[in-house]
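The values are calculated or read from the model by the stated rules, or taken from the named source; none is laboratory data. Worth saying up front: this structure is predicted, and the values here are computed from it rather than measured. Reconstructed Cβ throughout: ideal geometry from the backbone, glycine too, with neighbour counts over all protein chains shown. These accessible areas exclude ligands, DNA and RNA; they are computed on the full protein's heavy atoms, side chains included. Shrake-Rupley method; radii C 1.70, N 1.55, O 1.52, S 1.80 Å.
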Amino acid sequence: MHSTARPRPSGTAALEAPLRGGVAVVTGAARGIGEALARRLSAAGMHVALVGREARTLHAAASSLTTPSQCVEADVTDQAALDEAARQVADGLGAASVVVANAGVAVGGPFRMTDADLWRRVVDVNLVGAANTARAFLPQLTRTRGYFLQVASTAAFGSAPMMSAYCASKAGAESFAQSLRGELEPDGIAVGIAYLHWTGTDMIAGLDEHPVLRALRAGQPWFARRVHTPEQVADWLATGVARRAAHDYAPP
């Protein structure tokens with residue numbers, strides 16, 4: 001577990017009141033949006049558990065946080081591993097008040113030419129992994145009357161050719177979160193859905209060289225073609241977390 005006392009970045013006052021002192025869990029936190037969001041929530045005063053598959057990269061990400069943190073190596077497709085992660089978080093930091101199901105993967109190409117196991121892996125991580133995350137941490141969120149954020153995508157409502165696995169998984173994750181919201185509202189748990197658009201992560205590396213992604217962007221209006229940094233997206237997501245927003249669009 002890491003504990004540091006570095007000065008926080010400016011501009012976090014609006015987030016600190018509702019978040020300060022709470023415990024946040026972020027899956028897929030080793031890099032990209034997950035790493036940036038972990039930093040942003042830490043800057044707002046939260047203790048942060050970073051969950052992911054790469055222990056070394058997780059610890060590197062945690063080294064930049066300004067509050068106590070914990071790194072837990074776990075694959076979101078493994079329910080037993082996530083259950084153990086939840087136990088470690090509770091023992092190390094306390095019960096989670098915010099859980100962000102961010103872990104995700106993508107694959108592009110014609111459906112008929114995509115390996116079945118690879119196609120299934122995308123659905124397992126993006127949809128089943130989200131459900132596994134919720135299942136593991138719901139007992140803690142019940143105690144804290146917390147907030148569960150499902151990271152989805154504009155692909156949830158804007159399906160595109162050559163991205164069948166990703167679009168199906170994100171539409172499923174959206175629907176899962178909507179259903180979960182109705183179930184958990186009586187327990188005081190809020191459920192939000194984040195709709196992300198083009199974000200400069202490893203997932204879209206070589207964007208302009210990839211024929212599928214290049215064609216998708218070419219058919220969009222200029223403002224929808226803009227690629228945002230993980231840090232900017234993390235700012236939008238953190239604001240949604242602080243507000244316990246039902247929907248969080250990044251960009252708005």
Scan (1) assigned to a loop (DSSP other than H, G, I, E, B); (2) within 24 Å of A246 (Cβ to Cβ); (3) of a type outside the set (F, W, Y) for the single condition A171 breaks and write down its number. (1)
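When the residues of segment 1-34 are filtered to those that are among the small types (G, A, S), touching a Ser or Thr at 6+ places or on another chain (Cβ under 6 Å) and outside any helix (DSSP H, G or I), which remaining residue is modelled with the highest pLDDT? Give the steps one after another, and end with the answer.
As a first pass, look at segment 1-34 and keep what is among the small types (G, A, S): 3, 5, 10-11, 13-14, 17, 21-22, 24, 28-30, 32, 34.
Narrowing further to those that are touching a Ser or Thr at 6+ places or on another chain (Cβ under 6 Å): 22, 30, 32.
Those left that are additionally outside any helix (DSSP H, G or I): 22, 30.
Numbers: G22: 98, A30: 94.
Here the answer is G22.
Filter segment 151-173 for residues that are of a type outside the set (A, V, I, L, M, F, W, C) and within 9 Å of Y195 (Cα to Cα); which is surrounded by the fewest Cβ atoms within 10 Å (Cβ to Cβ)? First the steps, then the outcome.
Step one: list which residues in segment 151-173 are of a type outside the set (A, V, I, L, M, F, W, C), which gives 153-154, 158-159, 161, 164, 166, 169-170, 172.
The next check asks that each one be within 9 Å of Y195 (Cα to Cα); those that pass are 153-154.
Details: S153: 25, T154: 18.
Ranking the qualifying residues of segment 151-173, first place goes to T154.
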Hey, can you tell me all the residues within segment 18-29 that are closer than 13 Å to E73 by Cα and open to solvent by 10 Å² or more (accessible area, probe 1.4 Å)? G28
Index of the failed condition, R145 passing every other in (1) farther than 21 Å from V105 by Cβ; (2) modelled with pLDDT under 95: (2)
Note down all Cβ pairs under 6 Å where the first residue falls in segment 57-81 and is closer than 16 Å to L41 by Cα and of a type in the set (G, A, S), the second is assigned to a strand (DSSP E or B) and open to solvent by 40 Å² or more (accessible area, probe 1.4 Å), and they're at least six residues apart or on different chains. A62/H2; S69/H2
Checking the condition free of Cβ contacts under 8 Å to residues at least 24 places away in the same chain and not hydrophobic (A, V, I, L, M, F, W, C), which residue from G182, G172 passes? G182
Pick from segment 132-141, criterion within 15 Å of the chain's Cα centre (by Cα) and not β-branched (V, I, T), ranking: surrounded by the fewest Cβ atoms within 10 Å (Cβ to Cβ): A134
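Residues are listed down the side, and each one gets a yes or a no for (1) surrounded by fewer than 16 Cβ atoms within 10 Å (Cβ to Cβ); (2) at pLDDT 70 or above:
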| position | (1), (2) |
| --- | --- |
| A177 | no, yes |
| R181 | no, yes |
| G188 | yes, yes |
| D202 | yes, no |
| L207 | yes, no |
